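**Student:** Attaching a single structure in structure tokens format; questions to follow.
Nothing in this text is a laboratory measurement; each read-out follows from the coordinates by a stated rule. Bear in mind that the values here come from a model prediction, so they are computed numbers and not experimental data. Here the Cβ positions follow ideal geometry from the backbone for every residue, glycine too, while neighbour counts run over all protein chains shown.
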Amino acid sequence: MGQFLSRHRILLPVFSLAVLLAATFYMQPRAMSYFGINLLFNLAVPIALATVAQMMIMMVNDIDLSLGTFVSLVACVTATFLNDSPLLGVLILAALILTYAGMGAVIHALDLPAIVVTLGMSFVWGGLALFVLPSPGGTSPGWLRALMTVKPPLMPMAVVASILIALVTHFLIIRSGIGTVLRGVGGNARSVARAGWSVVRLKALAYGLSGLFGVLSGMALVGLTTSADANIALRYTLLSIAGVILGGGEFIGGKVSPVGAVIGALTLALAASFLSFMRLSPDWQIGAQGAILILVLTARLIFARRENATG
Amino acid sequence: MQQSAFEQDAPIVALTDVAKHFGAVRALDGVDLEIRPGECLGLVGHNGAGKSTLVNVVNGGVAPTAGAVAFPASGAAAALSAGVRSVFQELSLCPNLTVAENLRISHAALKGPGWRRAARAEIGQSLDAVFPGHGIEADATVDILSIAERQMVEIAIGFADRGAEARLVILDEPTSSLDAGIAEQLMAHIRRFCEGGGAVIFISHMLGEIFAVASRILVMKDGKVVADRAAPDFTRQGLVDAMGHVAGDATHERGDQTRSLGEEVVHTPQGLSARRGEVVGLSGLAGHGQARALAQLYLGTTSSWRATGRPQMVFVAGDRTRDGILPLWSILRNASISILSETAKWGLVDREVETRNAEKWKRRIGIRTDDMNNPVLSLSGGNQQKVLFARALASSAPVVVMDDPMRGVDVGTKQDVYAMIRAEAASGRTFLWYSTETEEVCQCDRVFVFRNGRISAELTGAELTEERILEASFEMQEA
Amino acid sequence: MEKIISRPWSWSWLAAALTFAITSALTDGSGAGALAYAALSFGAFAAIVGLGQMIVITLGPGNVDLSIPAVMTLSGTLALKAMGSEPGTAMLGLGVAVLVGLGTGAANFALIYALRLPPIVATLAASLVYQSIAIWSNRGLRIKPPAGLADFATGRVLGVPNVALVGLALAIVVWIALERSVWGRWLLASGQNLRAARLAGVPVETVRASAYVTVTVLASVAGYLLASFSGGAALNMGQDYLLMSIAVVVIGGTSIAGGLSNVPGVWGAALFMFLVVSMLNSYGAGAGVRMVLTGLIIIGIVIAASTKRARK
């Protein structure tokens, strides 16, 4: 049993999501419909993308405390430049991704603590966001709005997009050769360097991928909310870390699961909806989220102990 | 198939007068070595004889201080492209990846769709070739494999195709966690590999294995090659003699043999025991469970929650960086950390006592510094070790546990410390002393020899000789 | 002089002095007094939480307390509620705040120790719960602090703000604990090398637990003072202090790698952080520019510290 669970770490996040979903449907049977599910997972797509972005950093044993402000900045750029002069907007977003890659290279080359560098960068991103959009406003580009509110047959957009994100990142990180090497950096950077790889470049790549998904997250968020403000996604920093951990990822050792991370993000998004259905006083909703987090993490611990016992 | 006779005969790797110095330590001191196709070189020597450094020079892991490394057979400039592969003693797989994925790390040419299938086939093939009937799935994550299975995977990756033929495979203690049957499979594969024109450097403490597989044996001591002959020219006893002990004329005066010892103060389920005033040695080859036994004993006796005014046990670390030195602090603070709870007043550090303690131990143990407030890292390795001794001996703890504390310590310091240990033991302290140097262990009252995590012999009095310890540490029985 | 410059805390004080000079020069020195007063008042809160965060960060990589804002809010809320604006209840409020600190710290460490959660996740998850308790108890209430306490919090002695005096006193207590007490030695040893400290006989778990309790107690006291200072507790009152607490520790010269605390540096950095904002304000810089420069300064200091380390 322990062996089975530790081989299929993905079962825990799947199980958590299933339990939460079942409980939600039990409390509110009407949610069990196309529109109900769409509402439940309304904001899940940008959270899932941000979680994947955080996962890229945690994959190489670092942590990103600037992600929330970064996504906010991207949202501001999307609602202004990308809408008003698309070419300039695209260039700015590309430059942001490159900055992320550079940040990874600098952190590794100078052996800096990622937690402090990203903390500093969070001020930079936040400041730039205020610069771009001093007061809430802006407009989502029409095509983005249309994309985020499209109503595909069978399943709502949020579900389709989440599955797509999970598949793409699973392929990128788990299946592809370069993704394997990237996870190797988290597992045993020395052995990767010994085999002739440049760890600086690999870290830059991981950070660059994180920047890319951060950009996608900000764009998706604007597509849903139609406008932006400089503080729009501040909680994404903590949500994304929690999502990765809920999805079976770990802070060190390159143990990450893209599918798990997406499911973790869905769980977090659903937890908020579930708690409102529970007719729990709004006072306790945040606290209940914390409690759910602790509960699932405790379950994860049991898995980890088993693993130690069998390994 | 177009190789000329010259190329076939050319050595795969040639070292000319290679030296490597780490500070004042001469890890390698003028080594010449050629390895030709078809050879299996058995490399033996004590801990610290320079085996690992030699291997790291060959595989390009460290650049030599002097001398040249060339790869004439392939003409390549770097070890990796010359077909030199290394299987390291410490496990160097990525534990979060699968077996096949680990192969991908070292085989960058596996690309494109379907690389996974190719990797699976390649590692499977290599595992089948080396360890028939291994039962390891290519898709298993490494961290759920047993240590032995991990080692098998590493060896298989060493021999795998990886897009270019392996010419020289370096195996550093490859059998340390394999059982006899699996080890035999590896031996057989090495012989096949060498017959096919490959070469192997084989490092092992199992002399039987060396004789079973090596065509040539190289004995190292103190960074030099002291013997390099065809394997059949050695006898087992001859080999042990060639590795030799450092000083043949050492007369181990063990103090007054008749000194009466007190009651038993340490006893572990493993069988380790010590009496009051006794100096108990732990011996055997490095990494055979001595350090773990001592750590368990110490951690089990002391608490992570409570510090008593009278500690039961103190610890002297040998791996200074990992277990001992607090690198940001002065010598004085490093020396006094273990006596703080004994001497504190109202929870505050009594700095006068602290200074007196430091001055006392500076004199007693001869720490070479003009000011005990200098940073501890300003001291040489040997003097840092003295600080760790001072830290432990300054406390009132009746039992002192020492985890190979003489690593990288010069002879003069050693003599000082031996004298101090004898004096402290005479006044009733008990020492448990793990050492990798047999000569040192012979100074103890009683010695436990460890092999494969278990006590393989307990020697006292007249039995306590270097030969007996070596016998008990090496598996001399059939390979 | 050489010796003073080489001390890591001197940098944050030099930087603070420099920004102070530049800013007051801009106002022809007339506003210098007011500027210093404001810096001491607002810097005090950052310094108090910074002291706590410093103690946790001293434990080494991975140790950080993300629950500071929630704890500040909770303690401010509960303390004001307990006092209920009644005169003469200031000590009762302080007692409640300290209890909140002890309770949250113990809960945080329980999650870290018993559930083996990484401190980042443990304190983050716990902070959500604390925040909820604060929301629940604060609901619809807008309680003013007792008049005497409010006067104290906004008052001054000999021209120095009282909150700054409290911050100074706490800094001296922490400084003595770190420099002179056995506990301080144990903490610094654990932060340099936990394993070596344990093998040298240091009760490392007790040290860790006490560090995580100390940080929340200090955050609670800061929350209590801040609520009294600003005339009531607000749910977002702790918001700014998460990043601020980490920033003042790093700028103050405490090593993020652990084992090296710097009490004076925290105060210098707290003043500096306030003065930078004032300076940029008086030059008419917008909020955006201020934040970008703050971030670049933090990163610059980390890089400078790391190259200094590399040269050694």
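**Student:** What is the fewest-to-most order of B:ASP403, B:ASP128 by other Cβ atoms lying within 10 Å of their Cβ?
**Tutor:** Lowest count first: B:ASP128, B:ASP403.
**Student:** Here is a further query. Only loop residues by DSSP count here, and only those with at most 14 other Cβ atoms within 10 Å; note down the GluC sites (Glu not before Pro) in the range B:148-251 that meet that.
**Tutor:** In loop regions of the range B:148-251 (DSSP not H, G, I, E or B), the sparsely surrounded GluC sites (Glu not before Pro) are B:GLU165.
**Student:** Rounded to the nearest 500 deg cm²/dmol, what is the calculated helix-only ellipticity per residue at 222 nm for chain A, with -39500 (n - 2.57) per DSSP H run of length n ≥ 4?
**Tutor:** Helices in chain A give a 222 nm mean residue ellipticity of -24000 deg cm²/dmol.
**Student:** How high is the relative contact order of the range B:4-136, given as a whole-number percent (alpha carbon pairs under 8 Å, six or more residues apart)? Present the calculation step by step, with values, prior to reporting the outcome.
**Tutor:** Details: 153 pairs, mean separation 28.3, N = 133.
Computed over the range B:4-136, the figure is 21 percent.
**Student:** Trypsin sites (Lys or Arg not before Pro) within the range B:284-378: which are DSSP loop residues with at most 15 other Cβ atoms inside 10 Å?
**Tutor:** Passing both the DSSP loop test and the Cβ count: B:ARG306, B:ARG368.
**Student:** I would also like to ask the following. Using a Förster distance of 45 Å, how high is the FRET efficiency between B:THR268 and B:ALA230, based on the Cβ-Cβ distance and rounded to 0.05?
**Tutor:** Efficiency computed from Cβ-Cβ geometry: 0.50.
**Student:** Let me ask something else about it. Normalised by the residues of chain B, what does the relative contact order come to in percent, with Cα pairs under 8 Å and at least six apart?
**Tutor:** Working: 854 pairs, mean separation 74.1, N = 479.
Worked out over chain B, it gives 15 percent.
**Student:** How high is the relative contact order of chain A, in percent, counting Cα pairs under 8 Å that sit 6 or more residues apart? The partial results should precede the final answer.
**Tutor:** Numbers: 523 pairs, mean separation 114.4, N = 311.
With pairs under 8 Å counted, the relative contact order is 37 percent.
**Student:** Points 7 angstrom from Cα along the Cβ direction at C:ALA17 and A:MET155: gap in nanometres?
**Tutor:** 6.5
**Student:** Something else: Sort A:LEU154, C:LEU99, B:LEU285 by Cβ crowding within 10 Å, fewest neighbours at the top.
**Tutor:** In order of increasing Cβ crowding within 10 Å: A:LEU154, C:LEU99, B:LEU285.
**Student:** Also: Just add up the charged neighbours of C:THR216: K/R +1, D/E -1, any other residue whose Cβ is under 15 Å from the Cβ of C:THR216. Don't skip to the answer; put the middle values down first.
**Tutor:** Details: positive: C:ARG208; negative: C:ASP65.
Overall, the nearby charge balance is 0.
**Student:** When B:CYS194, B:CYS94, B:CYS40 are ordered from fewest to most other Cβ atoms inside 10 Å of their Cβ, what list results?
**Tutor:** Working: B:CYS194 21, B:CYS94 28, B:CYS40 25.
Arranged by neighbour count, lowest to highest, B:CYS194, B:CYS94, B:CYS40 become B:CYS194, B:CYS40, B:CYS94.
**Student:** For the pair C:ALA287 and C:LEU99, what calculated FRET efficiency results from E = 1/(1 + (r/R0)^6), where r is the Cβ-Cβ distance and R0 = 25 Å, to the nearest 0.05? Don't jump to the answer; show the numbers that get you there.
**Tutor:** Working: r = 37 Å, r/R0 = 1.48.
With a Förster radius of 25 Å, E is 0.10.
**Student:** Also: Anyone know which of A:GLY253, A:GLY142, A:GLY223 comes out most mobile in the 10 Å Cα GNM of chain A?
**Tutor:** Its mean-square fluctuation being the largest, the pick is A:GLY142.
**Student:** Next question, about the same structure. Per the helix-only calculation at 222 nm, which mean residue ellipticity applies to chain C, given -39500 (n - 2.57) for every DSSP H run of n ≥ 4 and division by its residues, nearest 500 deg cm²/dmol?
**Tutor:** My calculation for chain C gives -25500 deg cm²/dmol from helical runs alone.
**Student:** For chain B, what is the calculated [θ] at 222 nm in deg cm²/dmol (nearest 500), taking -39500 (n - 2.57) for each run of four or more DSSP H residues and dividing by its residue count? Write down the numbers at each step before the final one.
**Tutor:** Details: 16 runs with 160 residues, N = 479.
Rounded to the nearest 500, the figure is -10000 deg cm²/dmol.
**Student:** Pick from C:VAL250, C:VAL204, C:VAL292: which residue has the top mean-square fluctuation in a GNM of chain C where Cα pairs under 10 Å get a spring?
**Tutor:** Checking each option, the largest mean-square fluctuation is seen for C:VAL292.
**Student:** Using 0.36 nm per residue of separation minus the Cα-Cα distance, give me the extension gain between A:LEU164 and A:TYR34 in nm, one decimal.
**Tutor:** Result: 45.0 nm gained on full extension.
**Student:** Also, quick follow-up: Only Lys, Arg, Asp and Glu count, each charged at its Cβ (+1, +1, -1, -1), so figure out the dipole size of the protein assembly as shown about its Cα centre, rounded to 20 debye.
**Tutor:** 2900
**Student:** Report the residues of the range A:201-232 in range of a label on A:ALA95: point 7 Å along Cα→C-beta, backbone N strictly under 20 Å from it.
**Tutor:** Answer for this model: A:208-219, A:230.
**Student:** Using a Förster distance of 41 Å, how high is the FRET efficiency between C:ARG156 and C:ALA114, based on the Cβ-Cβ distance and rounded to 0.05?
**Tutor:** Efficiency, rounded to the nearest 0.05: 0.35.
**Student:** Just C:ALA16, C:ALA269, C:ALA79 to compare: in a GNM of chain C, with alpha carbon springs under 10 Å, which one fluctuates most?
**Tutor:** Sorting by GNM fluctuation, first place goes to C:ALA16.
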